[in-house]
1. For Thr129, state whether it is touching a residue at least 12 places away in the same chain (Cβ under 8 Å) and either under 13 Å from Val234 (Cβ atoms) or not hydroxyl-bearing (Ser, Thr, Tyr) (or both).
2. Only strands (runs of 3 or more DSSP E) wholly contained in the range 264-353 count here; list those with 1 or more residues that are of a type in the set (Asp, Glu).
3. Might you let me know whether the range 401-419 holds any residue that is over 25 Å from the mean Cα position of the chain (by Cα), assigned by TED's automatic domain parsing to the domain that holds Arg300, on the phi < 0 side of the Ramachandran plot and not polar (S, T, N, Q)?
4. Would the range 259-273 turn up any residue that is in contact (Cβ under 8 Å) with a residue 24 or more places away in the chain and among the charged types (D, E, K, R)?
5. How many residues are of a type outside the set (D, E, K, R) and closer than 16 Å to Glu220 by Cα if we restrict to the range 257-282?
6. Restricting the range 107-155 to residues that are among the small types (Gly, Ala, Ser) and touching a Ser or Thr at 6+ places or on another chain (Cβ under 8 Å), which is farthest from Leu202 (Cα to Cα)?
7. Ile230 versus (1) outside the structural domain of Val424 (by TED's automatic domain parsing); (2) in contact with a Cys (Cβ under 9 Å, 6 or more places away or on another chain); (3) not hydroxyl-bearing (Ser, Thr, Tyr): which is the lone unmet condition?
8. If we keep just the residues of the range 353-400 that are over 24 Å from the mean Cα position of the chain (by Cα) and among the aliphatic types (A, V, I, L, M), which is modelled with the lowest pLDDT?
Amino acid sequence: MSDKRDKKLAKASTPTSRLMRLTGMTTSIATKVAGHQVKKLFQNEQAIARDREKLMRDVGRQVASTLGEMKGAVMKVGQIASQMQDLLPEEIAEALTVLQKASAPMPFSIIRRQLKHQLGDDPANLFKTFDEVPFAAASIGQVHKATTLDGREVVVKVQYPAVKSSIDSDMRQLRRILRLGALFKVDEKTLDAIFKEIKEQLDEELDYKKEAQNIVRFREFHRNDKWLIIPEVVDELSADQVLTLIYEPGDDLDTIANNTAYSQETCNLIGEHLFDAIRRQMFELQEIHCDPHPGNFAFRPDGTLIMYDFGATKRVASEDLVSLKTLMRAAYESDYRAIDRALLQLDVRKENSPEIEDDFYQTWIELLIPPFAKEPFNFETSRLHIDLMKETRKTPWRYLESFQPSPRTLLINRIFGGHYWTLVKLGVNTSFRENVELTLHE
């Protein structure tokens, strides 16, 4: 059974196979969308809405199933899209959440060939030990534990072959799929900008030499933060598509809940460290670790935070930081006109769209401020995500065309949305207001 699965995975990674699968999925979805458009001609509004919901669910399941069997850009974009409820219909985003789970690993025969091609020799000659079973597997690569010839414990991240060469074709096909039947809830210009942003992030994430440089830069920035560990690069065992790092062990998020070594105070401290690290990266370094997936973080009972995977970082423009500070300050002061101006500057609010009334902003501010208030906020019992979804569905029709997902805040929203769930799972109960004030007064 394992041999059959390995052959299936290997075959699915070839350019021809990828193109055929994606083209077949596009054709299938196009047929479903066309059928829906024809049925609309003979239905009332209630039936149209019911059939569209079913269509979205069917499309979501089909996209998730196909991308889940593939490696590379399409699966990575699917993972990103699943975290963006404002970008895709809810039914499709919900179906794509399955892509957040661990990916099936590639056969070690493929990994061995990739290591030999990148490092110039068989792993048996380059390492004292090398575990053939991966430590972790993801959309564009997998990680193996090893020991160097001089005895250092390391992890070796190996990029799947052909991922980089297939990225342009994958992105074109995925864009075609998501444009069918206006599945994206944004206009063409915004869609272009969003795909450009995602493509740039993918290009950066596929460049392991660039990631090594990112690690050096972030390690230097955090050199005085003894509570934050970023693993060191082993240069002599790294290349364009192989990255070897000193092994820095820690407890993953799922194991902390039942671990008595993590008291409420420790979890609060970890939450504060995580918030402080992201805040300082964003507003001081003006570059931020950009993948909040729980697998990219580990923890220790003394409150130490370990941060992995610097393939995806986001450089934040100075003018956007000014607008974000203005937005936060205005929220604390209930200055709704200043909020409106900041959202326009960030391209979240569309120019020449209907005016937004103060009570609309007031409702949203009352929902969003509590995690950043002076009083401790209990993330373990938080209903913020539920309340936000309810309020989104209640948005007046006249405002629907006034807002849009902005490429300038797309990944920032993903970062904070992802870390919200980390704080929920940690059960953090603390106040971040003092931390926010440090930024607002810088």
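The values are calculated or read from the model by the stated rules, or taken from the named source; none is laboratory data. The structure displayed is predicted, hence computed values, not measured ones. We place every Cβ from the backbone using ideal geometry, glycine too, and count neighbours over all the protein chains shown.
1. No: the conditions fail for Thr129.
2. Those strands (runs of 3 or more DSSP E) span 287-289.
3. Checked the range 401-419: at least one residue is over 25 Å from the mean Cα position of the chain (by Cα), assigned by TED's automatic domain parsing to the domain that holds Arg300, on the phi < 0 side of the Ramachandran plot and not polar (S, T, N, Q).
4. The answer is yes, given that some residue of the range 259-273 is in contact (Cβ under 8 Å) with a residue 24 or more places away in the chain and among the charged types (D, E, K, R).
5. Residues meeting the conditions: 4.
6. Here the residue is Ala146.
7. It fails just one condition, (2).
8. Filtering first and then ranking leaves Leu400.
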